[in-house]
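*Asks:* Please find one structure pasted underneath; my questions will follow.
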Amino acid sequence: MLDSFVIVGLTMVIVNVIKTYKPFKTQRGRLIIPLLVFIVAAILNVINALLFGGELLEAFRDGLVFGASAGGIYSMGKKQIEYCKNCNDL
């Protein structure tokens with residue numbers, strides 16, 4: 001099976017592409033994005049288990065954990081970028 005960092009990276013890329021569509025630019029659409037991260041990571045990890053062998057229920061659970069990781073990493077990075085935009089030192 002593929003490593004977790006591959007699943008997290010693919011999740012972030014796919015969600016960022018999906019976010020460019022008009023429904024996700026609304027206030028309600030932005031609220032759905034964290035849920036979308038969980039769903040995409042879980043689906044990608046289940047596909048990973050199907051292709052490379054592994055238990056599906058465990059892959060789904062791990063995918064949800066990867067989704068939480070991807071959401072946390074993205075959120076931290078976004079906050080840091082916003083902070084640096086307002087920073088006078090840079």
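*Asks:* For the stretch 1-13, give me each residue that is aliphatic (A, V, I, L, M), within 17 Å of Leu51 (Cβ to Cβ) and open to solvent by 60 Å² or more (accessible area, probe 1.4 Å).
*Replies:* Let us first name the residues in the stretch 1-13 that are aliphatic (A, V, I, L, M), namely 1-2, 6-8, 10, 12-13.
Within this subset, residues satisfying the condition of being within 17 Å of Leu51 (Cβ to Cβ) are 1-2, 6-7, 10.
Residues satisfying the conditions are Met1, Leu2, Leu10.
*Asks:* Moving on. Just to be sure I understand the filter: pairs with C-beta atoms under 6 Å, separated by 6 or more residues or on different chains, first member in the stretch 71-83 and at positive phi, second member assigned to a helix (DSSP H, G or I). Which pairs pass?
*Replies:* Every condition considered, no pair remains.
*Asks:* If you don't mind, another one. Identify all residues within the stretch 48-90 that are hydroxyl-bearing (Ser, Thr, Tyr) and within 23 Å of Leu2 (Cβ to Cβ); write none if there are none. Even if it seems obvious, please write down each step before you answer.
*Replies:* Here is the first cut: in the stretch 48-90, the ones hydroxyl-bearing (Ser, Thr, Tyr) are 69, 74-75, 83.
Matches in the stretch 48-90: Ser69, Tyr74.
*Asks:* Take Val65 and decide whether it is of a type in the set (Val, Ile, Thr), within 13 Å of the chain's Cα centre (by Cα) and assigned to a helix (DSSP H, G or I). So that I can check it myself, show each step before the final result.
*Replies:* Working: of a type in the set (Val, Ile, Thr): yes; within 13 Å of the chain's Cα centre (by Cα): yes; assigned to a helix (DSSP H, G or I): yes.
So Val65 passes the test.
*Asks:* May I ask you to list the residues in the stretch 22-58 that are out of contact with any Ser or Thr (no Cβ under 8 Å at 6 or more places or on another chain), within 16 Å of Met12 (Cβ to Cβ) and open to solvent by less than 70 Å² (accessible area, probe 1.4 Å)?
*Replies:* Phe24, Ile33, Leu36, Ala42, Asn45, Asn48 - these are the residues of the stretch 22-58 that are out of contact with any Ser or Thr (no Cβ under 8 Å at 6 or more places or on another chain), within 16 Å of Met12 (Cβ to Cβ) and open to solvent by less than 70 Å² (accessible area, probe 1.4 Å).
*Asks:* Another question about this same structure. Residues of the stretch 61-83 being over 18 Å from Asn16 (Cα atoms) and either open to solvent by 90 Å² or more (accessible area, probe 1.4 Å) or at pLDDT below 80 (or both), which ones?
*Replies:* Once the filter is applied, which keeps residues that are over 18 Å from Asn16 (Cα atoms) and either open to solvent by 90 Å² or more (accessible area, probe 1.4 Å) or at pLDDT below 80 (or both), the stretch 61-83 yields Arg61, Tyr83.
The values are calculated or read from the model by the stated rules, or taken from the named source; none is laboratory data. All values reported here derive from a predicted model rather than from experimental measurement. Methodologically, a virtual Cβ is constructed for each residue, glycine included, from the backbone with ideal geometry; neighbour enumeration extends over all protein chains shown. For the accessible areas, the whole protein counts, side chains as well, though only heavy atoms, and no ligand, DNA or RNA atoms are used. Shrake-Rupley method; radii C 1.70, N 1.55, O 1.52, S 1.80 Å.
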